[in-house]
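*Asks:* Dumping the structure here so I can ask a few things about it.
The values are calculated or read from the model by the stated rules, or taken from the named source; none is laboratory data. Everything quoted here is computed from the prediction, not taken from an experiment. Cβ: placed from backbone, ideal geometry, glycine included. Neighbour counts: every protein chain shown. The protein model used for the area step is the full one, side chains on, heavy atoms only, and it has no ligands, DNA or RNA in it. Shrake-Rupley method; radii C 1.70, N 1.55, O 1.52, S 1.80 Å.
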Number of protein chains: 4
Amino acid sequence: MNNINFDQNKKYDLIALGRAAVDLNANELYTTLEETETFTKYVGGSPANVAIGMARLNKETGFIGRVADDQFGNYVLQYFENEGIDISNMPVDSSGAKTGLTFTEIKSKTESSILMYRNEAVDLKLCTDDINEDYIKNSKALLISGTALSAEPSRQAALLAVEYAVKNNVKVIFDIDYRPYSWKSEAETGIYYTKVAEKSDIIIGSRSEFNYMEKIIKEEDRTDKEVAEHWFSFNSKLVVIKHGKEGSTAYTLEGESYDVKIFPVEMIKSFGGGDAYASAFIYGLLEDWDILDALEFGSASASMLVSAHSCSDAMPTADEIKEFIEEKKKEYGERVVRD
Amino acid sequence: MNNINFDQNKKYDLIALGRAAVDLNANELYTTLEETETFTKYVGGSPANVAIGMARLNKETGFIGRVADDQFGNYVLQYFENEGIDISNMPVDSSGAKTGLTFTEIKSKTESSILMYRNEAVDLKLCTDDINEDYIKNSKALLISGTALSAEPSRQAALLAVEYAVKNNVKVIFDIDYRPYSWKSEAETGIYYTKVAEKSDIIIGSRSEFNYMEKIIKEEDRTDKEVAEHWFSFNSKLVVIKHGKEGSTAYTLEGESYDVKIFPVEMIKSFGGGDAYASAFIYGLLEDWDILDALEFGSASASMLVSAHSCSDAMPTADEIKEFIEEKKKEYGERVVRD
Amino acid sequence: MNNINFDQNKKYDLIALGRAAVDLNANELYTTLEETETFTKYVGGSPANVAIGMARLNKETGFIGRVADDQFGNYVLQYFENEGIDISNMPVDSSGAKTGLTFTEIKSKTESSILMYRNEAVDLKLCTDDINEDYIKNSKALLISGTALSAEPSRQAALLAVEYAVKNNVKVIFDIDYRPYSWKSEAETGIYYTKVAEKSDIIIGSRSEFNYMEKIIKEEDRTDKEVAEHWFSFNSKLVVIKHGKEGSTAYTLEGESYDVKIFPVEMIKSFGGGDAYASAFIYGLLEDWDILDALEFGSASASMLVSAHSCSDAMPTADEIKEFIEEKKKEYGERVVRD
Amino acid sequence: MNNINFDQNKKYDLIALGRAAVDLNANELYTTLEETETFTKYVGGSPANVAIGMARLNKETGFIGRVADDQFGNYVLQYFENEGIDISNMPVDSSGAKTGLTFTEIKSKTESSILMYRNEAVDLKLCTDDINEDYIKNSKALLISGTALSAEPSRQAALLAVEYAVKNNVKVIFDIDYRPYSWKSEAETGIYYTKVAEKSDIIIGSRSEFNYMEKIIKEEDRTDKEVAEHWFSFNSKLVVIKHGKEGSTAYTLEGESYDVKIFPVEMIKSFGGGDAYASAFIYGLLEDWDILDALEFGSASASMLVSAHSCSDAMPTADEIKEFIEEKKKEYGERVVRD
């Protein structure tokens, strides 16, 4: 049992809003992108990964986002449809904008980087005309990816979607998902993050992501707990602050806090873990699990992802996650991530 | 006595944020702009007019806004300085942007229109680096003109200024001031108006201006009172809804409402009345007058303005307004605007 | 008799291509623009002035240029129509672009400056669809104002007009008319000036204007004669190099050169002289006068203009110019401008 | 022996100007791009391919073009350097522009298509400051790829490079290389192609590419010979018109014409043949071969390329081309491509 009262009468479990992009992952590991010869193509983009994660977990999932009028746009739509994600609110853009691309480079076990193609990215063409109140109204939750706020007209479209969610008792989940490109300044980032955070029921981000909002009001030294409490003074009930390899903590409006660590795995890349975490954690909340169980489930899914080649195609089912947790507990003890 | 508790320890009475522009008013009345031969130059732009109005009323007034690096930019700064307005937060822009221009055309006693030059308008170049928390902190009130929200980077600068005001107990006054140019869509207008309105202590606008926000949440048929109450559920204490020649009504958080009509005058133009109204009404609030007295003062100043040639240069002093009210009451009775 | 063989069977004497704008001339002389209180409105813009000059000289004149969809656009069209200029190729632009504005400031007898509004100027929206081969084909000459080359799509429209002129034996007259705004770099200016100059029959400009093209091919120290000869190696027959108060010289393909000085007058502003010069000089050429007579006529018209308040409205008729020359010769001798 | 008198005292044989991009070629043949799972990365872009072709043919080759400040920019520079291409005039761009990408899709033996990423393409950021007269002066020939003209500032940079070439007796080779993206209209294409074609010594293109220029002057029905003659009236000595599978014809200023057909090969893609053709043909001209021999050499290289996986990496050496021709002649007869 947790403190988020999803309206169980709604058709969709989650509608994610933002970018559905293409990842081109280097097939050769431990070399530079300059030297990389071949790439494998996957669907990518944080909210797309979360949506795929939710669908793999058998939740009714929808998506709001623009796709390009070309082969990569088709590819995204086909992939989503195959996963069972509703694509009725994914308009094909005719402006000449292109699907965002991410080329990944895994230089060594500890060093990886990416090369992004985000000029005239199609996802940022999402506009207010694309936002359908009746669609949003039918979902238990709306997930906003922070990157959708990085430029107009996507920014105003996302803000409108949040208005509709608030009005219709759809829980707003803000996955901060900071990406340095697209944003023009840190102040801009902080200002528009703040506008969504103030309306959100659940906020998920790393401490450095929360700090974009802290800087706006010039509060940089607050503890995690103080940061969470700031958002409780608005609309939030649950604030999850992530600390990478140190694990993460969920704070509740009621004053509780819950910690989980990460599962011991052989990581091959640092990408995608956060999206797996988000989808499995939200799954747990939707199932009305205790927060700590949901966190553990998120942590497990994240650990599974960072040891796979893709960010989307490798999203696990609920049974796979459960099996993974069981094995790890057998190996490392029942409280492997719990203290 | 009214329900706005301005912090009387602050240095400035009002800081206005937005455009300081140039009006070029036709000297020939009752002809088209095509036929007009000569124009007289004035400082213009709604928040500039309000600031001039406040200064004429002997209030400590500041301004946040960018001015062009040319003769018209100099003119605005010189004019403000002569009026006693603080210009320390009016950076000179070096991007090649230009002072907004408004050519007025008074076709007949009942028909007037304007020709705006707002392409690359310098006021919309205001950016977050221009927003100084310490400056805002020192003011009893911050006036945001809605036009400052119509484009980036001015939009984010205005939103940041509002954050600083809220944090430092500076009352936020939102003068909706809708202008059709600059905005790309009605949805955009409604979304960003909403973001400021939610944080405002006082909102002033015509009913059609409030409707931009009503449409966002698809509430179009609410009474004025219901509209006001919507904003009381956020941060507002006072909502003033104007109805042109029918007068205006102020609604309070406490559930009261106050009506005033307009004074009988020979109007020569419809421009500028709203800015005079705002400055004189805010003056009354700052003086802690009863709301009805403040409204009457605003209405008087508005009436004086619409019978003058300029919007800024004709702003009256407190004594002039008082004298005007006295005369009108002598002629039309004590309750001339009160029922 | 001169060396330009205009095809006398064509309907129009001259079609000018480029900007038709609005001048707002300070009514108060010898003060700064900051202090100027009133302005008088005139049609302006170099090619518009030349067209008005041609029309006053009773030549069949056309114009290719976009006008704004507002009162100033109407004003330009009405003024042209009243002057007898053909406006059939002046489309009304619907992009929201604005008529260019020039505020003039006459600080003292020797110092004047201007303030230009050229952001999103409507004249630079001229596009290839606006260029009608049949229209150009019907003119003896096409005048290209260099400013039309300063930005796309006007640049390509002007280049296309030149192609049509060359193909149809329409003489190309290039009035360099350099204005610092709009151009992004000196190299850009030189490159596109060069493209028109190579195709022109007649080139008119100050030496500093010719130097934009000299710099491109890194030839900066050539004599005026060498500069002229460079263009004779392309398509030119006549090159006029102006030296302000020192007068001007016309060089011919045949190796002749002709000098004129300026007439002694009391100048009140430095603007507009060049446009009067161009129109009266071209008039003389169209009349098949000797080059020296045409130059004298141009010089006279220029001198008349710089002692008037406007650049367009003051354009003289042929009789007025002749009378002016007669008077000046009576006063200063027959060869007043000839050596 | 041919009619192009290259100045043999110059250091470089050819400097190519334009885009150096990245191709991502589908590894799975005969499937759609949507279904394609993996891609192989190559250097691409027509002028880059020609430069690589020249280098493989052991000619001193340089390149003028901007590269991105990222891994793909590094990759292009490293690849060029390994091939022996001079990269001293390839500035690294810091504007955030990206290397152009081309994803190839080979749907069947007869149907292939591409997906281009050209938004904010780095090659189109080439500017006049990047154009070094001393560099160009040192080359026998300058190759302009038509795509370099598709947008500013690259357009003006290319036009400036042509000016320097003409001034310094560097032969200008115009490889029309039409690509539909980037260009805003057919008129724009025709106008700027014309500006380079008028200055070119050699023009190479398909008939449909020449037609962009024909349309500008509204001459659409001319024979190939008439088209070639039009350009001989400017600066051209050699005009090569290509007809795909029908072969190609070279026309000379002196009135000769030479035909070659294509070699019989199993084609696996239609891309890159033109670039191989250009490099091997220019090689023949530089070697002062008879035009027909140069054409045959070009045709052979083209045939070799279309049966390889890449457009750049597969560029043959002179020995390989000679061997290929020998084999084909053995199999199909000495005049296999000659009538």
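*Asks:* So B:Ala165 passes all but one of these: (1) open to solvent by 20 Å² or more (accessible area, probe 1.4 Å); (2) touching a residue at least 24 places away in the same chain (Cβ under 8 Å). Which condition number does it fail?
*Replies:* Looking at each condition in turn, B:Ala165 falls short on (1).
*Asks:* All but one of (1) within 19 Å of C:Gly146 (Cα to Cα); (2) open to solvent by less than 60 Å² (accessible area, probe 1.4 Å) hold for C:Lys215; which doesn't?
*Replies:* Status for C:Lys215: all satisfied but (2).
*Asks:* Same structure, new question: What are the residues in region B:94-131 that are within 14 Å of chain A (Cβ to nearest Cβ) and in contact with a strand residue (DSSP E or B) (Cβ under 8 Å, 6 or more places away or on another chain), if any?
*Replies:* Selection gives B:Lys125, B:Leu126, B:Asp130, B:Ile131.
*Asks:* Name the one entry in B:Lys199, B:Lys184, B:Lys195, B:Lys167 that is closer than 21 Å to B:Ala250 by Cβ and basic (Lys, Arg). Give the derivation first.
*Replies:* Numbers: B:Lys184 fails: closer than 21 Å to B:Ala250 by Cβ; B:Lys195 fails: closer than 21 Å to B:Ala250 by Cβ; B:Lys167 fails: closer than 21 Å to B:Ala250 by Cβ.
Answer to the selection: B:Lys199.
*Asks:* Pairs needed: first member in region C:200-215, more than 11 Å from C:Tyr178 (Cα to Cα); second member anywhere, of a type in the set (Val, Ile, Thr) and at pLDDT below 95; C-beta distance under 8 Å; at least 6 residues apart or different chains.
*Replies:* Once the first residue is more than 11 Å from C:Tyr178 (Cα to Cα) and sits in region C:200-215, no partner that is of a type in the set (Val, Ile, Thr) and at pLDDT below 95 comes close enough.
*Asks:* Could you grab me the full set of residues in region A:100-134 that are hydroxyl-bearing (Ser, Thr, Tyr), closer than 19 Å to A:Ala26 by Cα and not in a strand (DSSP E or B)?
*Replies:* A:Ser108, A:Thr110
*Asks:* Can you tell me which of (1) out of contact with any Phe, Trp or Tyr (no Cβ under 9 Å at 6 or more places or on another chain); (2) surrounded by fewer than 24 Cβ atoms within 10 Å (Cβ to Cβ) is the one D:Gly65 doesn't meet?
*Replies:* Looking at each condition in turn, D:Gly65 falls short on (2).
*Asks:* Please tell me if C:Thr99 is of a type outside the set (D, E, K, R) and closer than 26 Å to C:Glu186 by Cβ.
*Replies:* Working: of a type outside the set (D, E, K, R): yes; closer than 26 Å to C:Glu186 by Cβ: no.
When the stated conditions are applied, C:Thr99 does not pass them.
*Asks:* Follow-up. Given the criteria under 21 Å from B:Lys171 (Cβ atoms) and part of a loop (DSSP other than H, G, I, E, B), does B:Asp275 qualify? If you could, list the steps in order and put the result at the bottom.
*Replies:* Working: under 21 Å from B:Lys171 (Cβ atoms): yes; part of a loop (DSSP other than H, G, I, E, B): no.
No.
*Asks:* What do you reckon, is A:Ala148 in contact with a Cys (Cβ under 6 Å, 6 or more places away or on another chain) and either open to solvent by 20 Å² or more (accessible area, probe 1.4 Å) or within 26 Å of B:Ala157 (Cβ to Cβ) (or both)?
*Replies:* Numbers: in contact with a Cys (Cβ under 6 Å, 6 or more places away or on another chain): no; either open to solvent by 20 Å² or more (accessible area, probe 1.4 Å) or within 26 Å of B:Ala157 (Cβ to Cβ) (or both): yes.
Answer is no for this residue.
*Asks:* Still on this structure, I have one more. Exactly one condition in (1) of a type in the set (D, E, K, R); (2) under 19 Å from B:Val172 (Cα atoms); (3) modelled with pLDDT under 95 is not met by B:Glu120; state its number.
*Replies:* Against the list (1) of a type in the set (D, E, K, R); (2) under 19 Å from B:Val172 (Cα atoms); (3) modelled with pLDDT under 95, B:Glu120 comes up short only on (2).
*Asks:* Which one is nearest to C:Asp175 (Cα to Cα), of the residues in region C:305-318 that are surrounded by 21 or more Cβ atoms within 10 Å (Cβ to Cβ) and at pLDDT 95 or above?
*Replies:* Within region C:305-318, the match that is nearest to C:Asp175 (Cα to Cα) is C:Met315.
*Asks:* Do we have A:Ser301 as modelled with pLDDT of 95 or more, within 18 Å of A:Ala16 (Cβ to Cβ) and open to solvent by less than 10 Å² (accessible area, probe 1.4 Å) here? So that I can check it myself, show each step before the final result.
*Replies:* Details: modelled with pLDDT of 95 or more: yes; within 18 Å of A:Ala16 (Cβ to Cβ): yes; open to solvent by less than 10 Å² (accessible area, probe 1.4 Å): yes.
Spelling it out, A:Ser301 is indeed modelled with pLDDT of 95 or more, within 18 Å of A:Ala16 (Cβ to Cβ) and open to solvent by less than 10 Å² (accessible area, probe 1.4 Å).
*Asks:* Can you name the residue in region C:132-145 that is closer than 24 Å to C:Leu238 by Cα and either open to solvent by 10 Å² or more (accessible area, probe 1.4 Å) or modelled with pLDDT under 95 (or both) and is also nearest to the other protein chains (Cβ to nearest Cβ) among such residues? Steps first, answer last, please.
*Replies:* Step one: of region C:132-145, the residues closer than 24 Å to C:Leu238 by Cα are C:136-145.
Pick out the ones that are also either open to solvent by 10 Å² or more (accessible area, probe 1.4 Å) or modelled with pLDDT under 95 (or both) and you get C:137-138, C:140.
Details: C:Lys137: 11, C:Asn138: 16, C:Lys140: 20 Å.
For region C:132-145, the residue satisfying everything is C:Lys137.
*Asks:* Which condition from (1) within 14 Å of chain D (Cβ to nearest Cβ); (2) surrounded by fewer than 23 Cβ atoms within 10 Å (Cβ to Cβ); (3) under 19 Å from the mean Cα position of the chain (by Cα) is the one that C:Glu287 breaks?
*Replies:* (1)
*Asks:* Would you mind listing the helices (runs of 4 or more DSSP H) fully within region B:149-247 where at least 3 residues are facing chain A (nearest Cβ under 10 Å)? Show your work before the answer.
*Replies:* Working: elements: B:154-167, B:186-197, B:207-216, B:224-232.
Helices (runs of 4 or more DSSP H) meeting the threshold: B:154-167, B:186-197.
Matching residues to (1) open to solvent by 20 Å² or more (accessible area, probe 1.4 Å); (2) touching a Cys at 6+ places or on another chain (Cβ under 7 Å); (3) among the hydroxyl-bearing types (Ser, Thr, Tyr); (4) at positive phi:
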position: D:Gln71; (1), (2), (3), (4): yes, no, no, no
position: D:Tyr79; (1), (2), (3), (4): yes, no, yes, no
position: D:Met90; (1), (2), (3), (4): no, no, no, no
position: D:Leu115; (1), (2), (3), (4): no, no, no, no
position: D:Asp123; (1), (2), (3), (4): no, no, no, no
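*Asks:* Take region C:10-38 and flag every residue that is among the basic types (Lys, Arg) and either under 18 Å from C:Tyr75 (Cα atoms) or crowded, with 22+ Cβ neighbours inside 10 Å (or both).
*Replies:* At the first step, the residues of region C:10-38 found to be among the basic types (Lys, Arg) are C:10-11, C:19.
Scanning region C:10-38 gives a single hit, C:Arg19.
*Asks:* With the condition kept exactly as written, say whether any residue in region A:71-89 is within 14 Å of chain D (Cβ to nearest Cβ), under 29 Å from D:Ala121 (Cβ atoms) and of a type in the set (Asp, Glu).
*Replies:* Among the residues of region A:71-89, not one is within 14 Å of chain D (Cβ to nearest Cβ), under 29 Å from D:Ala121 (Cβ atoms) and of a type in the set (Asp, Glu), which makes the answer no.
*Asks:* With A:Ser154, A:Ser112, A:Ser206 as the choices, which residue is farther than 16 Å from A:Ala20 by Cβ and in contact with a helix residue (DSSP H, G or I) (Cβ under 8 Å, 6 or more places away or on another chain)? Spell out how you get there, then give the answer.
*Replies:* Working: A:Ser154 fails: farther than 16 Å from A:Ala20 by Cβ; A:Ser112 fails: in contact with a helix residue (DSSP H, G or I) (Cβ under 8 Å, 6 or more places away or on another chain).
Sole residue among the options that is farther than 16 Å from A:Ala20 by Cβ and in contact with a helix residue (DSSP H, G or I) (Cβ under 8 Å, 6 or more places away or on another chain): A:Ser206.
*Asks:* Now for a different question. Of the residues C:Tyr192, C:Tyr181, which single one is of a type in the set (Phe, Trp, Tyr), over 14 Å from C:Ile15 (Cα atoms) and surrounded by fewer than 24 Cβ atoms within 10 Å (Cβ to Cβ)? Even if it seems obvious, please write down each step before you answer.
*Replies:* Numbers: C:Tyr192 fails: surrounded by fewer than 24 Cβ atoms within 10 Å (Cβ to Cβ).
Residue meeting the stated conditions: C:Tyr181.
*Asks:* If you check every pair at least six apart or on different chains, which have Cβ atoms under 7 Å apart with a residue in region B:245-268 that is under 15 Å from B:Lys328 (Cα atoms) first and a residue that is open to solvent by 60 Å² or more (accessible area, probe 1.4 Å) second?
*Replies:* Short answer, once both residue conditions are applied: B:Ile262/B:Lys245; B:Pro264/B:Tyr332.
*Asks:* For C:Gly73, which of the numbered conditions (1) in contact with a Phe, Trp or Tyr (Cβ under 9 Å, 6 or more places away or on another chain); (2) among the small types (Gly, Ala, Ser); (3) not in a strand (DSSP E or B) fails to hold?
*Replies:* Failed condition: (1).
*Asks:* Let me ask something else. How many residues, within region A:244-284, are under 19 Å from the mean Cα position of the chain (by Cα) and β-branched (Val, Ile, Thr)?
*Replies:* Matching residues across region A:244-284 total 4.
*Asks:* Further question on the same structure: Looking at A:Lys41, A:Lys109 in this structure, which one is basic (Lys, Arg), closer than 20 Å to A:Gly272 by Cα and open to solvent by 30 Å² or more (accessible area, probe 1.4 Å)? First the steps, then the outcome.
*Replies:* On the way: A:Lys41 fails: open to solvent by 30 Å² or more (accessible area, probe 1.4 Å).
Every option except A:Lys109 fails the conditions.
*Asks:* Please find, among A:Ser185, A:Ser150, the residue that is at pLDDT 95 or above and touching a Phe, Trp or Tyr at 6+ places or on another chain (Cβ under 8 Å).
*Replies:* Values: A:Ser185 fails: touching a Phe, Trp or Tyr at 6+ places or on another chain (Cβ under 8 Å).
Unique residue meeting the criteria: A:Ser150.
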